[in-house]
1. Enumerate the pairs (first residue in segment 53-69 and closer than 11 Å to Ile24 by Cβ; second residue anywhere and surrounded by 10 or more Cβ atoms within 10 Å (Cβ to Cβ) and hydrophobic (A, V, I, L, M, F, W, C)) with beta-carbon separation below 7 Å, excluding pairs fewer than 6 apart on the same chain, so at least 6 apart or on different chains.
2. What residue, among those in segment 13-54 that are of a type in the set (Val, Ile, Thr) and farther than 30 Å from Lys69 by Cβ, is modelled with the highest pLDDT?
Amino acid sequence: MRLNIKTYLNLNIIFECLGRINIIEGLKKVGSYGYSQNFQRFEERYSDLEKEIKVFRYEKYPLKLVTEK
């Protein structure tokens with residue numbers, strides 16, 4: 001799925017910011033979790049997030065542990 005800047009700006013309008021969290025600086029990590037070439041692949045990959053976390057050995061942490069107060 002390719003998005004040009006005009007499409008992105010239009011999509012951005014439909015999302016609402018629910019709040020912000022301040023992640024502790026030392027815990028931030030630059031990178032990505034990959035990409036999907038189409039929505040079907042995205043849906044297949046992330047429909048079972050728990051499986052994705054287990055397969056790629058991602059770790060989950062409570063927000064209280066990784067955020068600044």
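1. Note: pairs meeting the criteria are Val66/Ile23; Val66/Ile24; Val66/Leu27; Thr67/Ile23; Thr67/Ile24; Glu68/Ile24.
2. Out of the qualifying residues, it is Ile14.
The values are calculated or read from the model by the stated rules, or taken from the named source; none is laboratory data. Predicted, not measured: the structure shown is a model, and the values here were computed from it. Every residue, glycine among them, receives a Cβ derived from its backbone with ideal geometry; neighbour counts consider all protein chains shown.
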